[in-house]
Amino acid sequence: MRKILLIMFFIIPVLTFSQDAKYEIGTRNADMQRYNGGFYDYSVPGGVNIKVSIWGFVRYPGKYIVPNYTNVLDLLSYAGGPNEEAHLDELRIIRINPDSTQAMLKFNLEDYSWSEALSNQVLNVPELKAGDILSVPGSQKYYFRDWLSMALSIFSALISLAILLTR
């Protein structure tokens, strides 16, 4: 009886799984590529693509592979747009120059977003280069439930302290 249970629970599943294996241990298959975290690929097959990053108050921050003609507005669109807390008047592009120095370009998106009249002028939106980092600053906004949660946690700590002192 024990031999039959041993065969049923240990040997049969091992043989079954080993026959269904499509990949060998230690090999890398292109179909099995997995991207963890904030890595997004919007590359154009057969075109020139660059790697850029966007961090801060956007919906999907992370590293992106985008076409080389991508500008700041396109990258913001790829990242799901800015959050409510984002300060669009303080966008920063951090660029590493070939001589290993860093340059920071400031960009005000609100100039284009809130203009009263349409104009025939060409928008001066900065183009992105390989390795650029777009930083979208912002500040956390607290809503009523956040303030209520903080107030209740302070209140419960004070009540616990009062109970402890009275006993």
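Please treat every number below as a calculation from the coordinates, not as lab data. All figures in this text were calculated on a predicted structure; none of them were measured in a lab. Here Cβ is always computed from backbone atoms with ideal geometry, including for glycine, and neighbour counts include all displayed protein chains.
Each label was represented as a point 7 Å from its Cα along the Cα-to-Cβ direction; for GLU127 and ASN108 these points are 2.5 nm apart. Between TYR42 and ASP146, the distance separating the two model label sites (each 7 Å from Cα on the Cα→Cβ line) works out to 2.7 nm. According to the calculation over all Cα-Cα pairs in region 38-142, the P(r) per 5 Å bin from zero is 2, 12, 22, 23, 19, 13, 7, 2, 0, 0 %. Listed from fewest to most Cβ neighbours within 10 Å, the set ARG59, ARG145, ARG95, ARG167 follows the order ARG167, ARG145, ARG59, ARG95. Counted by neighbouring Cβ atoms within 10 Å, the residues TRP147, TRP55 run from fewest to most as TRP147, TRP55.
Close amide H contacts of ASN83 (hydrogens built in the peptide plane, cut-off under 5 Å, sequence separation of 5 or more or a different chain): VAL58, ARG59. Restriction of the GluC sites (Glu not before Pro) in region 45-106 to DSSP coil positions whose beta-carbon has at most 14 other beta-carbons within 10 angstrom yields GLU84, GLU85. Note: relative contact order over region 38-142, using C-alpha pairs below 8 Å and six or more positions apart, is 35 percent.
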